[in-house]
Each structure stands twice: as structure tokens, then as C-alpha cells.
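Undergrad: First the structure, then my questions, so here it is.
The values are calculated or read from the model by the stated rules, or taken from the named source; none is laboratory data. Fair warning: this is a prediction, and the values are worked out from it, not measured in the lab. Positions of Cβ are generated from backbone atoms using ideal geometry, with glycine treated the same way; all protein chains shown enter the neighbour counts. Protein only, heavy atoms only, side chains kept; ligands, DNA and RNA dropped before computing areas. Shrake-Rupley method; radii C 1.70, N 1.55, O 1.52, S 1.80 Å.
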Amino acid sequence: MPRSTEDLIPAVIGIPDDARTRPGTHRLSPGDVVKINVFQAEELSTEERVSDDGAVVLPLVGSVPVAGLTSEQAEGKIAGILGKDYLQNPQVDVFVSEYANMKVSVGGEVEKPGVFQISGQTTLLQAIAEAGGLTEVAKPQETIVFRQDAAGGDIKAYVVDLKQVQRGELSDPLLAGNDKVLVPKAGGRAVIKEFTDTAAKFISFRAISF
């Protein structure tokens, strides 16, 4: 039995959920580019950059403040405006095509560890390439993606076999803003701790901070 779970983070063996499907993972901010699709109303669909004052300009509607909203909240707000004056039961999709201020951290056995700005959809392999690739002593089979939940609370660790991703046996997961990637050293102490009584897996990583 472990002495304490204080420094242990729940671990999942496998790739994290697609960042695009996580509700509330990103709040729109000035500089973001968003695609706004209105179902069966192409003339109302557009792609706009969120202005410095936090708004997007929609055809017919004009300026709509969206900064601070999630994509889902922006969809509801725009649908409400369109439903009031223009359409009956409008269906709106808001998708961020370019991020203005999202960062991921890559550390451990990579050539150039650091914090990297990501402007669009960035995968795990792309982030590691941005960090200069793996060192000669890396253990890519236990690459870890630390991700905090959308509410800014619990952290979960995903242990990804990067070799399988490179071979196409696992999909290359999209990273979310503030993800932290750690590539361990081959021959180092095992980072996976298994509680034999519950079969639950945990990672001990005291240095991680969000």
C-alpha cells in the first residue's frame, strides 16, 4: 500500500480526449479566429477575428461581444440573437480555427524543453517536434500528457506510447491549451504507480504545477 496519495495524479493509459470535444476548454479572447456556421443560412455564416474589444461582426447582425465565452456559450448567444430577429430555431456552430493566446509546455527528454505558443490545432507529435524532438535517452513509450479539467480543478495524466502514435497504431491526439507534456528518461525510475488492491494507476510527479 502507498504511504500517501497526496502527490499522486490519476493516470490513464492511452491518448487524451480530442481537445475539440471538451466543453468549456477555451474561452474566446481577442485575436482568436472563429468560424461561425449557421445551418441552412450560408449568407449568415462567416469567419471573423475577435476584435480588441472582444466582439465579432456578423452579417446583418453587426457586432456581437463574445470574449470570455466558450464556443458553446457563443453559439447560444448568437443563436438567441438570430432567433429573435432573423431565423426560426437557428442552429449555430462556433469553431476556433486559430488561437491567439494558447500555450503548451514540453519537458523531460526533448532537445529544447519550454513553453510554446500554439495558434491552431496542434498535436502531440507536432508539440514534441516544436521542442526539437526526442533526446537519445528518451523513453517515448511512456510520454505523459498532463491535462487539467475545464473548470480548472482536477488534473489527469495520460500515458501515451509515442512509438504507437508514430506507427499510426494510435491517433496523434490534439493538445489543449495549458497541457503539459513530459517525456521520461529510459532506465529511470518508473513513473506509473499501481495500487494492486484497486488496480487504479497513478503518477507521482511533485514538480508539476498548473
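Undergrad: Just checking, does the stretch 63-77 include any residue being free of Cβ contacts under 8 Å to residues at least 40 places away in the same chain, of a type in the set (D, E, K, R) and surrounded by 13 or more Cβ atoms within 10 Å (Cβ to Cβ)?
TA: Yes, because at least one residue in the stretch 63-77 is free of Cβ contacts under 8 Å to residues at least 40 places away in the same chain, of a type in the set (D, E, K, R) and surrounded by 13 or more Cβ atoms within 10 Å (Cβ to Cβ).
Undergrad: May I ask you to verify whether Gln117 is out of contact with any strand residue (DSSP E or B) (no Cβ under 8 Å at 6 or more places or on another chain), not small (Gly, Ala, Ser) and not in a loop (DSSP other than H, G, I, E, B)? Working first, answer last.
TA: Numbers: out of contact with any strand residue (DSSP E or B) (no Cβ under 8 Å at 6 or more places or on another chain): no; not small (Gly, Ala, Ser): yes; not in a loop (DSSP other than H, G, I, E, B): yes.
Spelling it out, it is not the case that Gln117 is out of contact with any strand residue (DSSP E or B) (no Cβ under 8 Å at 6 or more places or on another chain), not small (Gly, Ala, Ser) and not in a loop (DSSP other than H, G, I, E, B).
Undergrad: Now for a different question. Among the residues of the stretch 49-58, are any among the basic types (Lys, Arg), open to solvent by 70 Å² or more (accessible area, probe 1.4 Å) and over 18 Å from Gly31 (Cβ atoms)?
TA: No, the stretch 49-58 contains no residue that is among the basic types (Lys, Arg), open to solvent by 70 Å² or more (accessible area, probe 1.4 Å) and over 18 Å from Gly31 (Cβ atoms).
Undergrad: Which one is most open to solvent (accessible area, probe 1.4 Å) among residues in the stretch 155-179 that are in contact with an Asp or Glu (Cβ under 9 Å, 6 or more places away or on another chain) and of a type in the set (D, E, K, R)?
TA: Top of the filtered list is Glu169.
Undergrad: What pairs come out if I take residues in the stretch 44-61 that are within 11 Å of Val94 (Cβ to Cβ) and pair them with residues that are open to solvent by 80 Å² or more (accessible area, probe 1.4 Å) and charged (D, E, K, R) whose C-beta lies under 6 Å away, six or more apart or interchain?
TA: Hits for this filter: Glu47/Lys35.
Undergrad: Also: State all residues of the stretch 78-89 that are more than 28 Å from the chain's Cα centre (by Cα) and crowded, with 16+ Cβ neighbours inside 10 Å; if no residue qualifies, say none.
TA: Hits for the stretch 78-89 are Ile81, Leu82, Leu87.
Undergrad: For the stretch 1-87, please list each of the strands (runs of 3 or more DSSP E) lying entirely inside it that holds at least 2 residues being of a type in the set (A, V, I, L, M) and modelled with pLDDT of 85 or more.
TA: 33-38, 55-58
Undergrad: Please go through the stretch 91-108 and pick out each residue that is assigned to a loop (DSSP other than H, G, I, E, B) and over 13 Å from the mean Cα position of the chain (by Cα).
TA: Gln91, Ala100 - these are the residues of the stretch 91-108 that are assigned to a loop (DSSP other than H, G, I, E, B) and over 13 Å from the mean Cα position of the chain (by Cα).
Undergrad: Somewhere in the stretch 93-101, is a residue farther than 29 Å from Val160 by Cα and touching a strand residue (DSSP E or B) at 6+ places or on another chain (Cβ under 9 Å)? Break it down into steps so the answer makes sense when it comes.
TA: Going through the stretch 93-101, the residues farther than 29 Å from Val160 by Cα turn out to be 93-94.
Okay, now just the ones that are also touching a strand residue (DSSP E or B) at 6+ places or on another chain (Cβ under 9 Å), so 93-94.
Yes, the stretch 93-101 has at least one match.
Undergrad: From Glu98, Glu109, grab the single residue that is surrounded by 14 or more Cβ atoms within 10 Å (Cβ to Cβ) and touching a Lys or Arg at 6+ places or on another chain (Cβ under 6 Å).
TA: On inspection, the qualifying residue turns out to be Glu109.
Undergrad: I've got another one for you. For Lys103, all conditions in the list (1) within 21 Å of Gln117 (Cβ to Cβ); (2) basic (Lys, Arg); (3) modelled with pLDDT of 95 or more hold save one; what is the number of the exception?
TA: Among (1) within 21 Å of Gln117 (Cβ to Cβ); (2) basic (Lys, Arg); (3) modelled with pLDDT of 95 or more, Lys103 violates only (3).
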